[in-house]
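Read through the structure below, which is laid out as structure tokens, and then see the notes.
The values are calculated or read from the model by the stated rules, or taken from the named source; none is laboratory data. None of the values given here were measured: they were computed from a predicted structure. Please note: Cβ atoms are built from the backbone with ideal geometry, for glycine as well, and neighbour counts cover all protein chains shown.
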Amino acid sequence: MKKIAYFILSGVFLTACQGNIEVAQTLNEEPFIFPDYKEVTVPSNIAPLNFQLMDMGDTATCLIIKGGSASFQVYGKEGVFDIPQRKWRDMLQQQKGKEVEFTVCKRKDEQWQAYQSFCIQVANEEIDPYLVYRLVPPGYSPWDKMGIYQRNLSTFKETAIYENTLTELNCQNCHSFKTQNPNKMIFHSRAWHGGTILIDNGKIEKLNTKTPETISALVYPSWHPTEDMVAFSVNAIGQTFFMSHANRLEGFDAASDVVVYDTKTHQIFSCDLLKSDSVFETQPTFSSDGKSLYFVSAPAVNPMPERYKELHYNLCRIDFDSKTETFGEKVDTIYNAAHDSLSVFFPRVSPDGKYLAVVRQHYGQWSIWHKDADLCLINLQTGEIDPMTDANSHDAESYHSWSHNSRWLAFSSRRDDGLYTKPYFTYIDKNGKAHKPFLLPQKNPKKYYDNLLFAYNIPELVTDKVQVNERSIADKLRDDPGIHVTYSHHFSGQR
């Protein structure tokens, strides 16, 4: 009985010791932390920015978080600060449009020393509550495990939308949503059990999208903002792998066109201006009002891949009338990247119609392995191009998506280790300036990202949780013969 009483009393004493610390000294140095959350701008509905104070071993650590007149302290465990979610949420809600201050402390010689404090800015605008992404192993093939997942950005909870273990480890890719709507989703299933899956308010369709008139099955998608239509590219895609080149993988098209798919009639249509043998057209995306179709275009070069470094894609636009399913009479070049010996890829228009985000690199279109690939922002009213210096890094930035309020851009980046893409978020303020981005928070971020053997691919922001049954998708892929789409050639003008 005495031993039991002793341990109980010891537990009470240790708990009592976890009170507020008193700082005896402030050091003239900044803390070395992972992830680097110093001076980032975050939404008020983001999960706690847990981080680790690096190279601290068994040293006692404490984090003081202060916003306005409120503050609380978090003791570290092996340098990791696990911030209580309720206290965090309350502070961020209180500090909208203001700063939150972080002070990292360590104990030395029985005294607490504080590093130089740093702040985060809490934006007035929230981010869409869910992020959808694909997790793939590096150098993935149809025989690897992969899946499409969603993460609640206010917590650390991740759930699967679909995993390829249900269909014999085939490839799942190119998921896309209509205006951040989780109830309207499309993605492709490749290899065996192949087909395009369209999910519309719980209804699941399997589509067979290769037609005699098109180069391939449908590839890169973009939904029309108001109509039940999706723009796609069709591509003859090739890949080249390098043993010693800094860009380990190069993807290229031997041919490509742009088409539009009507989900009601199950019909693909295009025109001469988007379907030319002399031009590579790819990566379509609709304007925010649906009256224009943007895409990237380069003069066709052959043979490929011998001449892939000669490919410089420009940003182009053509008018589109969804009621008559007709295209404009000419193609406008919005950004002549080739003039600057550059190439652009993956255009995405902000929902408010003010900006277009694109990836820019020296040549080609597969930015995901180009170390020189950076995001840039085009002002659609003035044509001004912002290099987004504060958002980019020394390594590849690629696939990106907008929040519904046009204030947040999610994107993938290899900036941490050059191997695995990870999801980052940057705040786009009312003046179109991108702020320092932050990494997707995790409960124990250093341990999580060090142990993760999958890369994040195509991070898409959505306004709510995707509600879909994995088994229903698998049954549709395995057992349904699929709907065969047809092709119709529509009006075109002159390039």
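At-a-glance table
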{"item": "Enumeration of residues in the stretch 372-388 that are part of a strand (DSSP E or B) and touching a helix residue (DSSP H, G or I) at 6+ places or on another chain (Cβ under 7 Å)", "result": "none"}
{"item": "Residues of the stretch 444-485 classified as of a type outside the set (A, V, I, L, M, F, W, C), surrounded by 14 or more Cβ atoms within 10 Å (Cβ to Cβ) and farther than 25 Å from V230 by Cα, total", "result": "5"}
{"item": "Selection from the stretch 130-162 of residues that are buried (at least 17 other Cβ atoms within 10 Å of the Cβ), under 20 Å from K422 (Cβ atoms), touching a strand residue (DSSP E or B) at 6+ places or on another chain (Cβ under 7 Å) and of a type outside the set (A, V, I, L, M, F, W, C)", "result": "Y130, Y133, R134, G147, Y149, Q150, R151"}
{"item": "Hits in the stretch 311-324 - residues which are exposed (fewer than 13 other Cβ atoms within 10 Å of the Cβ) and not hydroxyl-bearing (S, T, Y)", "result": "D321, K323"}
{"item": "Residue check, S413 in contact (Cβ under 8 Å) with a residue 40 or more places away in the chain and at negative phi", "result": "no"}
{"item": "Residue that is closer than 26 Å to V485 by Cβ and touching an Asp or Glu at 6+ places or on another chain (Cβ under 6 Å), where the choices are K178, K184", "result": "K184"}
{"item": "Selected residue (criterion: nearest to P445 (Cα to Cα)) from residues of the stretch 163-198 that are surrounded by fewer than 19 Cβ atoms within 10 Å (Cβ to Cβ) and of a type in the set (V, I, T)", "result": "T165"}
{"item": "Filter result (modelled with pLDDT under 95 and crowded, with 21+ Cβ neighbours inside 10 Å) within the stretch 201-255", "result": "N235, F252, D253"}
{"item": "Exclusive hit being touching a residue at least 12 places away in the same chain (Cβ under 8 Å), of a type in the set (S, T, Y) and closer than 28 Å to S403 by Cβ, set Y37, Y75", "result": "Y37"}
{"item": "Matching option when the condition is closer than 30 Å to N164 by Cα and either surrounded by 14 or more Cβ atoms within 10 Å (Cβ to Cβ) or touching a residue at least 24 places away in the same chain (Cβ under 8 Å) (or both), among S398, S488, S393, S406", "result": "S398"}
{"item": "Options Q150, Q116: the member that is under 15 Å from N457 (Cβ atoms) and either part of a loop (DSSP other than H, G, I, E, B) or polar (S, T, N, Q) (or both)", "result": "Q150"}
{"item": "Number of the exception - G290 against (1) in contact with a strand residue (DSSP E or B) (Cβ under 8 Å, 6 or more places away or on another chain); (2) in a loop (DSSP other than H, G, I, E, B); (3) farther than 26 Å from T226 by Cα", "result": "(3)"}
